[in-house]
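Chemist: Handing you this structure, nothing more for now.
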Amino acid sequence: MGEWNNREDRVSAARAEYEKIMTSASPDPTAAYVETGVVGFVFGEMWRRGVLTARDRRWITLSCVGAAGAITPIETHVWAALNSGDVTYSEFDEFVLHFGTQLGWPKASVMHMHGILSAIRLAEEKGIPFEQHDFELWVDPATEESDRRHRGEKAYADAHGSPASTATTAFRGRAYLDFLYGEIWTRERYLTRRDRRIISVCSAAAVGVDEETTLHLRSALLLKELAYEEIQELVMHFAVYMGWVLGRRLDDLLVAVVEELKSADR
């Protein structure tokens, strides 16, 4: 990131980063929140830190603004993600589907609706029609219930490196194993497993579900989808969009998982 020689250099670098990420003009420093918060720290420091890819940071941001149900940030960040080329519309659409399984269809519906509006606005600004996008079709249903469950159990094991607990309720079986893992985590055309892991960690942490958050943190490290340094960076980015209080909780869970894995290796 580098150091600044003076305040003017710091402000200039921060505004340049804002314009690079948001693909629009940086706001004038008309308030403390804008200058010190949005431009100064969010873009001047956090977005400039590297470690994660721009695509990674888009998923963290979209997961957080979606979890918050913040309409304006949803629209501006979807627009910027598409306009920058970091994310295609088909990838965004697949993100919404996965996000819906994490925080529910109502919040996903808000993300979907305002995402479409942003995509249409972007197309109009570029002078091109908003065309029907491609998407991965729904998986063919298994002919036998046992086949569907087997697919879900295998997908869970692949996603976490350990077998799933026996499903003793309708939710654990049909919703969690059969659909979430058997039919969502197996979709690989537009989102990678790393993408889904980032979205899942942020979604679970945003609503304070420690068990699910810990599960995904542990799996990300065990399966080497994300390095410890990358997850630390995820926590910092998450804190910016969900607040330092939830950020600290996520950081505590990460530290606990790392200690647990170290103890297991001794």
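The values are calculated or read from the model by the stated rules, or taken from the named source; none is laboratory data. Note that the structure is predicted; figures quoted are calculated from it, not measured. Virtual Cβ from ideal backbone geometry, glycine too; neighbours counted across all protein chains shown. Heads up: the accessible areas ignore ligands, DNA and RNA and are worked out on the full protein's heavy atoms, side chains in. Shrake-Rupley method; radii C 1.70, N 1.55, O 1.52, S 1.80 Å.
Chemist: Looking only at the range 197-218, decide whether some residue is of a type in the set (V, I, T), surrounded by fewer than 17 Cβ atoms within 10 Å (Cβ to Cβ) and farther than 21 Å from E91 by Cβ.
Modeler: Scanning the range 197-218, I find at least one residue that is of a type in the set (V, I, T), surrounded by fewer than 17 Cβ atoms within 10 Å (Cβ to Cβ) and farther than 21 Å from E91 by Cβ, so the answer is yes.
Chemist: So which residues in the range 36-67 are part of a helix (DSSP H, G or I), of a type in the set (V, I, T) and either free of Cβ contacts under 8 Å to residues at least 40 places away in the same chain or more than 19 Å from A119 (Cα to Cα) (or both), if there are any at all?
Modeler: Result: T36, V38, V39, V42, I60.
Chemist: Does A119 meet the test of being in a helix (DSSP H, G or I), among the aliphatic types (A, V, I, L, M), surrounded by 12 or more Cβ atoms within 10 Å (Cβ to Cβ) and out of contact with any His (no Cβ under 9 Å at 6 or more places or on another chain)?
Modeler: When the stated conditions are applied, A119 does not pass them.
Chemist: Answer yes or no as to whether S146 is modelled with pLDDT under 85 and in a helix (DSSP H, G or I).
Modeler: yes
Chemist: Here is a further query. Tell me, please, whether a residue that is in a helix (DSSP H, G or I) and farther than 27 Å from L137 by Cα can be found in the range 87-96.
Modeler: no
Chemist: Then there is this: Out of the residues in the range 97-116 that are among the aliphatic types (A, V, I, L, M) and touching a residue at least 60 places away in the same chain (Cβ under 8 Å), which is most open to solvent (accessible area, probe 1.4 Å)?
Modeler: L97
Chemist: Right, something else. State all residues of the range 233-266 that are surrounded by 19 or more Cβ atoms within 10 Å (Cβ to Cβ) and of a type in the set (F, W, Y); if no residue qualifies, say none.
Modeler: F238, Y241
Chemist: Inside the range 157-201, can you point out the residues that are hydroxyl-bearing (S, T, Y) and not in a helix (DSSP H, G or I)?
Modeler: S162, S165, T166, T168, T169, T186, Y190, T192
Chemist: With A170, A205 as the choices, which residue is modelled with pLDDT of 95 or more, farther than 28 Å from V240 by Cβ and either out of contact with any strand residue (DSSP E or B) (no Cβ under 9 Å at 6 or more places or on another chain) or not aliphatic (A, V, I, L, M) (or both)?
Modeler: Matching residue, one of A170, A205: A170.
Chemist: Restricting to the range 215-266, name every residue that is in a helix (DSSP H, G or I), closer than 23 Å to S162 by Cα and in contact (Cβ under 8 Å) with a residue 60 or more places away in the chain.
Modeler: S219, L222, E230
Chemist: In addition: So, of the residues in the range 68-91 that are without any contact (Cβ under 8 Å) to a residue 24 or more places away in the chain and of a type in the set (A, V, I, L, M), which turns out to be most open to solvent (accessible area, probe 1.4 Å)?
Modeler: A70
Rundown of residues vs (1) within 30 Å of L222 (Cβ to Cβ); (2) without any contact (Cβ under 8 Å) to a residue 60 or more places away in the chain; (3) not basic (K, R), yes/no style:
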{"site": "S118", "(1), (2), (3)": "no, yes, yes"}
{"site": "I128", "(1), (2), (3)": "no, yes, yes"}
{"site": "R149", "(1), (2), (3)": "yes, yes, no"}
{"site": "G173", "(1), (2), (3)": "yes, yes, yes"}
{"site": "Y176", "(1), (2), (3)": "yes, yes, yes"}
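Chemist: Then there is this: Does the range 162-172 contain any residue that is in contact with a helix residue (DSSP H, G or I) (Cβ under 9 Å, 6 or more places away or on another chain) and under 26 Å from H237 (Cα atoms)?
Modeler: no
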